[in-house]
Amino acid sequence: MKKPVFGLILGGVLGVFDGLSALISAPETAPGIAGIVAGSTVKGIITGALIGWIARRLDSLLLGVVIGGAIGLALAGVISVMQKLSGQPPYYWQIMLPGAILGMIVGYATFTHRERKVA
Amino acid sequence: MSDRFPETRHSIVANLGSDDPAVRSPAFEVLVASYWKPIYKYLRLRWQLPHEQAEDLTQDFFADSLERQLLAAFDPAKARFRTFLRLCLDHLVTDEFHAARRLKRGGGAPVLSLDFTGACDEVTGVAAPGDDPDALFHREWIRAVFEAAVGALEAEYAAMGKSAAWRVFAAYDLDRVRDVAEPSYADVAARVGVPVTQVTNHLAAARRRLRVLVLERVRAVTSGEEEYREELRELFGGKPA
Amino acid sequence: MSGLGNAALDHLRDVLERPDLSGTRYDLVEPIAQGGMGTVYRAWDRELARDVAIKVVRSELADSEIAGRLTGEAKILAQLEHPGLVPVHEVGRLADGRSFYVMRLVRGQELDLAALEVRTLPERLRLYLKILDPIAYAHSRGIIHRDLKPGNIMVGPFGEVLVLDWGIAKAVSTREAAGPAERTAALPGATNPGAVLGTYGFMAPEQAIGGSVAVDHRADVYSLGVILRTLINPAGSGAKPLVAIIARATAADPAARYAGVGDLAADVSAYLDGRPVAAYHENLIERIGRFVSRHQVAIGLVVAYLLMRIVLLVFR
């Protein structure tokens with residue numbers, strides 16, 4: 001599997017669970033959970049695809065983890081800003097910190113993932 | 001050089017034990033040519049015998065060997081021929097001491113004409129040997145083999161009129177003194193009066209021929225393939241024997 | 001002439017052992033290694049202006065069947081083209097009648113010396129894997145080495161590995177290599193006449209017995225197992241999977257060993273990558289331990305994520 005595809009899928013799956021975790025960490029968001037899950041899934045997909053794209057061009061695991069974290073952090077930050085702009089109460093660190101770690105996980109997994117040649 | 005080394009390409013060791021004098025005596029000639037010097041020097045250096053006694057005992061040794069068919073007792077499985085000879089020699093010397101008498105030289109045995117005076121001079125020129133009698137005998141045997149081969153080479157070159165080639169070889173390979181730097185090819189070329197480019201050619205050819213002559217002589221006085229190889233392994237390479 | 005002095009005698013003994021390179025394009029430089037059947041010299045190739053190595057059969061073996069073995073070695077090497085094997089440039093007879101062949105001059109250290117400079121176990125194992133490569137290749141061409149030991153393996157200045165001394169190597173057809181085939185005869189004229197060819201300590205038992213026992217490529221697997229043992233000691237002697245790999249490679253019964261060098265290499269690679277090795281059945285704890293140590297970064301990140309979720313839950 002190619003790295004961008006792998007990153008995209010992994011990012012998407014982790015994004016679904018990350019979004020669902022809001023039910024536990026912030027039960028008051030339950031009515032809007034569908035939007036939250038959709039948002040974090042899209043965020044995960046973008047993060048994974050970006051990391052996958054970079055991973056094909058870069059050969060450093062440490063950089064991969066750092067870049068993954070940075071992308072996760074940045075996208076979560078963008079979402080916070082969008083929340084604020086749309087008049088909702090923004091969750092800055094509550095979504096930025098997990099977003100960064102998720103980005104690191106996707107970064108690590110994508111960089112260590114070996115593309116198997118398809119015959 | 002007084003050694004006449006009879007032409008042979010095969011081992012003479014087995015022939016020494018033959019009952020047929022026609023087989024035995026040429027073999028015996030090779031034996032004497034190869035071994036009289038090592039034996040004489042061994043007696044002088046190892047047994048510290050004076051010149052005359054060593055000379056007598058060398059003669060006795062060969063006479064004894066002929067008379068008593070001593071060499072027929074040689075068993076290649078037990079020892080190398082060289083070691084066997086040395087042990088026979090040691091026996092002879094100790095017999096001599098114990099009996100406190102000189103062995104009467106065998107009546108009918110011929111007295112060999114050997115240049116003991118020359119050999120005596122050589123003994124004084126040789127550094128004091130180590131304690132190991134076999135090493136001493138071995139080294140003197142190697143020396144005798146090389147001397148005989150060099151003598152044969154000199155005779156061949158003289159017969160072919162290659163005096164310049166011989167002089168190059170002698171100047172570069174024979175004229176050597178310990179702890180003195182080896183001569184340069186240019187020195188040798190100047191001394192002999194040949195172009196420098198000829199020096200290496202002459203040297204290579206002389207060494208190539210000398211090699212063959214040495215191998216023939218070792219082959220002659222070893223009992224078989226295995227002993228031949230063992231002797232050669234120790235003979236070449238310039239390691240001190 | 002009168003007697004030869006010691007200096008002249010020693011000189012003659014030395015120069016007569018030197019190979020006579022007249023008529024070739026090489027100049028003798030110096031002896032660099034002494035083997036059972038030949039001496040290797042450094043020489044200068046005048047035409048291509050480079051150093052080469054010349055292996056010349058020893059004087060005493062010049063007219064024996066050993067001389068043929070030297071030529072045989074050259075021919076075997078010439079069949080094998082691999083970066084881990086020395087290329088042969090030329091083979092023939094010298095003016096003095098001795099067989100010789102010319103090969104690339106190998107620069108480097110013998111394995112046991114080189115290993116001293118390789119400190120960590122993974123690095124040593126990676127070095128070891130490089131040794132297996134040319135041998136697996138030779139086996140695939142139906143050639144078994146039969147004398148593998150650290151002294152026959154050179155490690156170059158860039159970590160490249162060369163397997164030398166194919167003097168007693170045997171060509172067996174690949175079909176034969178799979179089953180009982182080669183008989184190691186006690187060849188006369190070896191360094192120890194009547195002795196079995198090879199080196200005790202590194203030699204497979206079926207090879208050491210000699211005589212009528214079949215020897216195939218698994219004899220090399222045995223030697224490689226012994227080499228692995230010398231290479232990982234003492235750092236790796238506590239690693240159970242490695243010990244098991246060595247035990248399988250050096251099993252007394254050839255059938256109990258790895259079927260080929262490739263399988264041995266696969267197991268060593270697996271150990272290096274933290275994957276399970278075929279030679280060792282691990283229990284659950286060992287398996288979990290290996291999984292954790294192999295994926296420690298990923299596990300660490302997931303744990304960090306979960307921890308943070310818990311922290312956010314508690315301090316919301």
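If B:Val194 passes every condition in (1) surrounded by fewer than 19 Cβ atoms within 10 Å (Cβ to Cβ); (2) in contact with a Ser or Thr (Cβ under 7 Å, 6 or more places away or on another chain); (3) not hydroxyl-bearing (Ser, Thr, Tyr) but one, which one does it miss?
Failing condition for B:Val194: (2).
Restricting attention to region A:25-35, which residues are within 14 Å of another protein chain (Cβ to nearest Cβ) and out of contact with any Lys or Arg (no Cβ under 8 Å at 6 or more places or on another chain)? If you could, list the steps in order and put the result at the bottom.
Filtering region A:25-35 for residues within 14 Å of another protein chain (Cβ to nearest Cβ) gives A:25-29.
Matches in region A:25-35: A:Pro27, A:Glu28, A:Thr29.
Can you tell me which residue in region B:25-48 is modelled with the lowest pLDDT, limited to those that are charged (D, E, K, R) and in contact with a helix residue (DSSP H, G or I) (Cβ under 6 Å, 6 or more places away or on another chain)?
Going residue by residue through region B:25-48, those that are charged (D, E, K, R) are B:29, B:37, B:41, B:44, B:46.
Of the ones still in play, those that are also in contact with a helix residue (DSSP H, G or I) (Cβ under 6 Å, 6 or more places away or on another chain) are B:37, B:41, B:44, B:46.
On the way: B:Lys37: 87, B:Lys41: 86, B:Arg44: 85, B:Arg46: 82.
Out of the qualifying residues, it is B:Arg46.
Would you be able to tell me the number of residues in region B:223-241 that are more than 8 Å from every other protein chain (Cβ to nearest Cβ), surrounded by 18 or more Cβ atoms within 10 Å (Cβ to Cβ) and assigned to a loop (DSSP other than H, G, I, E, B)?
Going through region B:223-241 one residue at a time, the tally reaches 2.
If we only count helices (runs of 4 or more DSSP H) wholly inside region A:1-115, which ones have 3 or more residues that are more than 21 Å from C:Gly300 (Cα to Cα) and at pLDDT below 85? I'd like the intermediate steps shown before the answer.
On the way: elements: A:3-20, A:22-25, A:33-55, A:61-85, A:92-112.
Once the helices (runs of 4 or more DSSP H) in region A:1-115 are filtered for at least 3 residues that are more than 21 Å from C:Gly300 (Cα to Cα) and at pLDDT below 85, what remains is A:22-25, A:61-85.
Do you know which residues across region A:48-82 are among the hydroxyl-bearing types (Ser, Thr, Tyr) and more than 14 Å from chain C (Cβ to nearest Cβ)? Before you say what the answer is, go through the steps one by one.
Step one: of region A:48-82, the residues among the hydroxyl-bearing types (Ser, Thr, Tyr) are A:60, A:80.
A:Ser80 - this is the single residue of region A:48-82 that is among the hydroxyl-bearing types (Ser, Thr, Tyr) and more than 14 Å from chain C (Cβ to nearest Cβ).
Please work out if C:Ala74 is within 13 Å of another protein chain (Cβ to nearest Cβ) and in a helix (DSSP H, G or I). Lay out the reasoning, then the answer.
On the way: within 13 Å of another protein chain (Cβ to nearest Cβ): no; in a helix (DSSP H, G or I): yes.
Considered against the rule, which asks whether it is within 13 Å of another protein chain (Cβ to nearest Cβ) and in a helix (DSSP H, G or I), C:Ala74 comes out as no.
Would you mind finding the one in B:Ala165, B:Ala190, B:Ala171, B:Ala186 that is within 17 Å of B:Arg211 (Cβ to Cβ) and of a type in the set (Gly, Ala, Ser)?
Values: B:Ala190 fails: within 17 Å of B:Arg211 (Cβ to Cβ); B:Ala171 fails: within 17 Å of B:Arg211 (Cβ to Cβ); B:Ala186 fails: within 17 Å of B:Arg211 (Cβ to Cβ).
Answer to the selection: B:Ala165.
Which condition breaks for B:Arg178 when tested against (1) more than 7 Å from chain C (Cβ to nearest Cβ); (2) in contact with a helix residue (DSSP H, G or I) (Cβ under 6 Å, 6 or more places away or on another chain); (3) among the charged types (D, E, K, R); (4) open to solvent by 30 Å² or more (accessible area, probe 1.4 Å)?
Every listed condition holds for B:Arg178 apart from (1).
Looking only at residues that are of a type outside the set (Val, Ile, Thr) and open to solvent by less than 50 Å² (accessible area, probe 1.4 Å) in region A:36-47, which one is farthest from the other protein chains (Cβ to nearest Cβ)? Give the steps one after another, and end with the answer.
Filtering region A:36-47 down to residues of a type outside the set (Val, Ile, Thr) leaves A:38-40, A:43-44.
So of that shortlist, the ones also open to solvent by less than 50 Å² (accessible area, probe 1.4 Å) come out as A:39-40, A:43-44.
Details: A:Gly39: 17, A:Ser40: 13, A:Lys43: 15, A:Gly44: 13 Å.
That would be A:Gly39.
Looking at C:Arg42, C:Arg46, which is the one that is open to solvent by 40 Å² or more (accessible area, probe 1.4 Å), over 15 Å from C:Gly92 (Cα atoms) and within 14 Å of chain B (Cβ to nearest Cβ)? Talk me through it step by step, then tell me what you get.
Values: C:Arg42 fails: within 14 Å of chain B (Cβ to nearest Cβ).
Result of the check over C:Arg42, C:Arg46: C:Arg46.
Let me confirm something: among C:Arg107, C:Arg126, C:Arg141, which residue is open to solvent by 30 Å² or more (accessible area, probe 1.4 Å) and in contact with a Pro (Cβ under 8 Å, 6 or more places away or on another chain)?
Details: C:Arg126 fails: in contact with a Pro (Cβ under 8 Å, 6 or more places away or on another chain); C:Arg141 fails: in contact with a Pro (Cβ under 8 Å, 6 or more places away or on another chain).
Going through C:Arg107, C:Arg126, C:Arg141 in turn, just one is open to solvent by 30 Å² or more (accessible area, probe 1.4 Å) and in contact with a Pro (Cβ under 8 Å, 6 or more places away or on another chain): C:Arg107.
Of everything in region C:54-79 that's among the polar types (S, T, N, Q) and open to solvent by 10 Å² or more (accessible area, probe 1.4 Å), which residue is modelled with the lowest pLDDT? Walk me through it before giving the result.
In the first step, residues of region C:54-79 are kept if they are among the polar types (S, T, N, Q); the result is C:59, C:64, C:71, C:79.
Add one more test, that the residue is open to solvent by 10 Å² or more (accessible area, probe 1.4 Å), and what stays is C:64, C:71, C:79.
Working: C:Ser64: 73, C:Thr71: 87, C:Gln79: 88.
Here the answer is C:Ser64.
Cβ-Cβ under 7 Å, sequence separation 6+ or interchain: first residue in region C:292-316 and facing chain A (nearest Cβ under 9 Å) and assigned to a helix (DSSP H, G or I), partner surrounded by 13 or more Cβ atoms within 10 Å (Cβ to Cβ) and aromatic (Phe, Trp, Tyr). Which pairs?
C:Val297/A:Tyr108; C:Ala298/A:Tyr108; C:Leu301/A:Tyr108
Would you point out which residue out of C:Leu4, C:Leu21, C:Leu12 is outside any strand (DSSP E or B), touching a residue at least 24 places away in the same chain (Cβ under 8 Å) and within 11 Å of another protein chain (Cβ to nearest Cβ)? Outline the logic, then answer.
Values: C:Leu4 fails: touching a residue at least 24 places away in the same chain (Cβ under 8 Å); C:Leu12 fails: touching a residue at least 24 places away in the same chain (Cβ under 8 Å).
The unique qualifying residue is C:Leu21.
Do you know which residues across region A:1-24 are surrounded by fewer than 17 Cβ atoms within 10 Å (Cβ to Cβ) and within 14 Å of another protein chain (Cβ to nearest Cβ)?
A:Val13, A:Phe17, A:Leu20, A:Leu23, A:Ile24
Quick one: how many residues across region C:80-93 are within 23 Å of C:Gly142 (Cα to Cα) and exposed (fewer than 15 other Cβ atoms within 10 Å of the Cβ)? Even if it seems obvious, please write down each step before you answer.
Here is the first cut: in region C:80-93, the residues within 23 Å of C:Gly142 (Cα to Cα) are C:80-91.
Next, from what is left, pick out any that are exposed (fewer than 15 other Cβ atoms within 10 Å of the Cβ): C:81, C:83, C:87.
Total satisfying the criteria: 3.
On the given criteria, is C:Asp96 open to solvent by 10 Å² or more (accessible area, probe 1.4 Å) and either within 10 Å of chain B (Cβ to nearest Cβ) or on the phi > 0 side of the Ramachandran plot (or both)? Quick ask: steps written out before the conclusion?
On the way: open to solvent by 10 Å² or more (accessible area, probe 1.4 Å): yes; either within 10 Å of chain B (Cβ to nearest Cβ) or on the phi > 0 side of the Ramachandran plot (or both): yes.
It is true that C:Asp96 is open to solvent by 10 Å² or more (accessible area, probe 1.4 Å) and either within 10 Å of chain B (Cβ to nearest Cβ) or on the phi > 0 side of the Ramachandran plot (or both).
Among the polar types (S, T, N, Q), within 11 Å of another protein chain (Cβ to nearest Cβ) and closer than 22 Å to B:Lys37 by Cα: does that describe B:Thr200? Walk me through it before giving the result.
Details: among the polar types (S, T, N, Q): yes; within 11 Å of another protein chain (Cβ to nearest Cβ): yes; closer than 22 Å to B:Lys37 by Cα: no.
Considered against the rule, which asks whether it is among the polar types (S, T, N, Q), within 11 Å of another protein chain (Cβ to nearest Cβ) and closer than 22 Å to B:Lys37 by Cα, B:Thr200 comes out as no.
In region B:197-231, what residues are out of contact with any helix residue (DSSP H, G or I) (no Cβ under 7 Å at 6 or more places or on another chain) and charged (D, E, K, R)?
Correct list: B:Arg208, B:Glu216, B:Glu225, B:Glu226, B:Glu230.
So, C:Asp51, is that one acidic (Asp, Glu), touching a strand residue (DSSP E or B) at 6+ places or on another chain (Cβ under 9 Å) and open to solvent by 30 Å² or more (accessible area, probe 1.4 Å) or not?
On the way: acidic (Asp, Glu): yes; touching a strand residue (DSSP E or B) at 6+ places or on another chain (Cβ under 9 Å): yes; open to solvent by 30 Å² or more (accessible area, probe 1.4 Å): yes.
Yes, satisfied.
Please determine whether any residue of region C:45-57 is assigned to a helix (DSSP H, G or I), charged (D, E, K, R) and either more than 25 Å from C:Met154 (Cβ to Cβ) or in contact (Cβ under 8 Å) with a residue 12 or more places away in the chain (or both).
Taking region C:45-57 first, the residues assigned to a helix (DSSP H, G or I) are none.
No.
Out of curiosity, is B:Val188 assigned to a helix (DSSP H, G or I), more than 21 Å from the chain's Cα centre (by Cα) and β-branched (Val, Ile, Thr)?
Working: assigned to a helix (DSSP H, G or I): yes; more than 21 Å from the chain's Cα centre (by Cα): yes; β-branched (Val, Ile, Thr): yes.
Yes; evaluated as a whole, the condition is true for this residue.
Got a sec? Which of B:Ala206, B:Ala220, B:Ala155 is of a type in the set (A, V, I, L, M), surrounded by fewer than 17 Cβ atoms within 10 Å (Cβ to Cβ) and more than 8 Å from chain C (Cβ to nearest Cβ)? Even if it seems obvious, please write down each step before you answer.
Working: B:Ala206 fails: surrounded by fewer than 17 Cβ atoms within 10 Å (Cβ to Cβ); B:Ala220 fails: surrounded by fewer than 17 Cβ atoms within 10 Å (Cβ to Cβ).
B:Ala155 is the lone residue from the list that is of a type in the set (A, V, I, L, M), surrounded by fewer than 17 Cβ atoms within 10 Å (Cβ to Cβ) and more than 8 Å from chain C (Cβ to nearest Cβ).
If I ask for residues that are part of a helix (DSSP H, G or I) and either within 11 Å of another protein chain (Cβ to nearest Cβ) or touching a Gly at 6+ places or on another chain (Cβ under 6 Å) (or both), which ones from region C:58-68 would you list?
The first filter runs over region C:58-68 and keeps only residues part of a helix (DSSP H, G or I), leaving C:59-61, C:65-68.
Within region C:58-68, C:Ser59, C:Glu60, C:Leu61, C:Glu65, C:Ile66 meet the criteria.
Do we find that C:Gly36 is touching a Gly at 6+ places or on another chain (Cβ under 9 Å), at pLDDT below 85 and either more than 10 Å from chain B (Cβ to nearest Cβ) or part of a strand (DSSP E or B) (or both) in this structure?
Working: touching a Gly at 6+ places or on another chain (Cβ under 9 Å): yes; at pLDDT below 85: yes; either more than 10 Å from chain B (Cβ to nearest Cβ) or part of a strand (DSSP E or B) (or both): yes.
In short, yes.
The values are calculated or read from the model by the stated rules, or taken from the named source; none is laboratory data. Quick caveat, the model's predicted, so the values are computed rather than measured. Backbone-built Cβ (ideal geometry, glycine too); neighbour counts: all protein chains shown. Each accessible area value is taken on the protein alone, full model and side chains, heavy atoms only, with ligands, DNA and RNA left out. Shrake-Rupley method; radii C 1.70, N 1.55, O 1.52, S 1.80 Å.
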